[in-house]
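Below: the structure, in structure tokens.
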Amino acid sequence: MSLRVELLGEESDERETGAVLGSPWPAGAREQAGRIVVGGVDLGELVERFGTPLYVLDEAEFRSRAAAYARALPQDSVRYAAKAFFSPTLARWVREEGLGVDVCSANELALALDAGFEPERIVLHGVAKTHEELETATREHVGRIVIDGFTEIAHLASLAGRHRPYQPQGVYVRVIPGIAVGHHEAVRTGIEDQQFGLSLADGSALDAVTRILGQAHLRLCGLHCHLGSQISTIEPYLTAVDRLTAFLAELHVRHGIQLPELDLGGGQAIGYRPGDASLRPGEFAAAVTARLRERCAEHGLAVPRLVIEPGRSIVGPAGIALYRVLAVKTSAHGIRFAAVDGGMSDNPRPALYHAAYTIRPVAQHGGAPLRPTRVVGRHCEAGDVLAPEAQLPEDLRAGDVLAVPASGAYQLSMSSAYNLVGRPPLVAVRDGLARLIQRRETLADLTSREGAWG
Ligand SMILES: *Cc1c(COP(=O)(O)O)cnc(C)c1O
């Protein structure tokens with residue numbers, strides 16, 4: 001795609017490449033003459049070509065984030081959390097960058113296998129796995145299944161022994177470390193009295209381990225925990241290491257075992273707004289590994305291999321959502337609304353847990369002052385608010401296009417058919433080229449599942 005750029009910058013490097021936008025935009029995103037360029041492609045031109053709403057994925061940003069995790073930890077220690085966003089193209093990128101994958105449904109598993117992941121590099125999760133999912137996972141010999149409850153132990157044991165060639169099924173036990181992190185109750189998964197995992201405190205985790213050790217066809221490879229989402233400091237992970245290694249020591253004493261792996265899940269934060277704190281893969285891995293070594297030395301344990309499952313922190317910053325403003329109006333009490341052509345059907349995060357974003361026009365029309373603006377979606381819900389107080393130009397009008405960076409995770413993967421709007425297309429950009437990797441959902445797609453009746 002051709003890239004027309006007006007050069008207004010005074011600095012010579014700026015003249016060539018534009019000014020770097022910085023977090024929460026992808027590392028390579030530039031502003032050139034008021035326009036945003038990502039992967040060498042002008043977002044405004046993408047909108048002309050593909051329409052709105054539109055999702056854009058910066059391939060270089062995705063790959064460099066995946067590669068940074070792969071470099072930070074030993075081989076086979078990073079498993080991309082597919083639930084953040086997964087598609088055949090994305091699965092290929094993940095595999096090419098040398099990561100394993102964490103799946104939580106039969107379809108995510110099938111997609112990973114189709115993309116050529118070795119089963120050994122796949123881990124299956126879920127608080128409620130179906131018989132079909134456990135059957136497929138054991139038949140395919142996925143590397144690890146994360147046990148999340150007692151009923152699963154006997155169920156898995158009965159399935160694991162059946163398949164030929166025989167292979168015991170590798171499992172982890174998901175434990176609740178009792179650590180509260182995250183900005184909203186809906187994203188805290190490391191505390192007591194939520195549905196995930198088995199409690200360390202009440203002895204359930206120990207009971208599960210004891211039962212697994214009694215099953216010949218299950219091989220307990222380690223412990224797992226996942227603390228939550230958007231965790232922007234290392235401390236909660238260090239606390240998790242402390243608690244899990246204390247439990248590993250208890251297992252050593254009681255059962256004489258030393259488990260070879262410790263999976264701390266995902267949750268590493270990204271920037272959604274300028275100045276938001278995020279975790280760097282290298283620093284994160286170094287700090288957690290150092291703590292793990294220290295605690296294992298104190299307990300006299302061999303150091304297990306640290307495994308992590310980042311999702312958001314790989315794909316989130318690579319994605320940008322683009323919407324067209326369809327209406328601008330001001331309420332009786334002076335709230336200015338900008339209603340756009342997407343909303344909770346492509347991004348339910350603000351409605352689910354008040355996720356905050358940065359929003360700006362793809363083309364700035366001169367120096368109009370900014371004014372707080374409530375950016376709302378097009379859906380028939382008062383809760384369909386994408387940003388309660390975006391700072392947008394005073395002269396914003398219908399027809400303008402807004403860009404939302406850090407839109408790569410938990411948006412398209414959570415998108416719905418609400419109001420039959422149809423899911424937006426996804427375009428990958430790289431080196432000045434744009435490629436449609438998912439087309440827009442049509443009415444035919446939306447009605448294709450319906451059979452004839454009567
Ligand atoms: C959601 C989830 C992840 C990924 O979380 P991110 O916040 O996207 O990094 C990893 N592991 C488990 C078990 C999860 O539920």
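Quick look at the numbers
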item	result
Sole residue being within 14 Å of the ligand (Cβ to nearest atom), modelled with pLDDT under 95 and either outside any loop (DSSP other than H, G, I, E, B) or open to solvent by 20 Å² or more (accessible area, probe 1.4 Å) (or both), chosen from Gln194, Gln167	Gln194
Set Ala390, Ala409: member being at pLDDT 95 or above, in contact with a Ser or Thr (Cβ under 9 Å, 6 or more places away or on another chain), outside any loop (DSSP other than H, G, I, E, B) and in the same structural domain as Thr52 (by TED's automatic domain parsing)	Ala390
Subset of region 229-260 [modelled with pLDDT of 95 or more, open to solvent by less than 30 Å² (accessible area, probe 1.4 Å) and within 14 Å of the ligand (Cβ to nearest atom)]	Ile231, Pro236, Tyr237, Ala240
Filtered residues of region 81-93 (kept if away from the ligand (no atom under 13 Å from the Cβ) and surrounded by 21 or more Cβ atoms within 10 Å (Cβ to Cβ))	Leu90, Ala91, Trp93
Any hit, region 142-153, residues being open to solvent by less than 20 Å² (accessible area, probe 1.4 Å) and over 21 Å from Ile176 (Cα atoms)	yes
Check on Leu322, open to solvent by 10 Å² or more (accessible area, probe 1.4 Å) and either assigned to a loop (DSSP other than H, G, I, E, B) or more than 30 Å from Gly143 (Cβ to Cβ) (or both)	no
Qualifying residue in region 269-278 (condition: within 16 Å of the ligand (Cβ to nearest atom) and crowded, with 21+ Cβ neighbours inside 10 Å)	yes
All positions within region 376-414 that are within 16 Å of the ligand (Cβ to nearest atom), at negative phi and crowded, with 21+ Cβ neighbours inside 10 Å	Ser407, Gly408, Ala409, Gln411, Leu412
Every residue from region 298-319 that is within 16 Å of the ligand (Cβ to nearest atom), assigned to a strand (DSSP E or B) and not aliphatic (A, V, I, L, M)	Gly319
The lone exception for Ser23 - which of (1) in a loop (DSSP other than H, G, I, E, B); (2) open to solvent by 20 Å² or more (accessible area, probe 1.4 Å); (3) touching a helix residue (DSSP H, G or I) at 6+ places or on another chain (Cβ under 7 Å); (4) closer than 19 Å to Pro310 by Cα it fails	(3)
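Conditions tested, residue by residue: (1) outside the structural domain of Leu412 (by TED's automatic domain parsing); (2) free of Cβ contacts under 8 Å to residues at least 40 places away in the same chain; (3) closer than 22 Å to Gly399 by Cβ.
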residue	(1), (2), (3)
Ile314	yes, no, no
Gly334	no, yes, no
Ala338	no, no, yes
Val362	no, no, yes
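The values are calculated or read from the model by the stated rules, or taken from the named source; none is laboratory data. Fair warning: this is a prediction, and the values are worked out from it, not measured in the lab. Please note: Cβ atoms are built from the backbone with ideal geometry, for glycine as well, and neighbour counts cover all protein chains shown. The accessibility values were calculated without ligands, DNA or RNA, using every heavy atom of the protein model including side chains. Shrake-Rupley method; radii C 1.70, N 1.55, O 1.52, S 1.80 Å.
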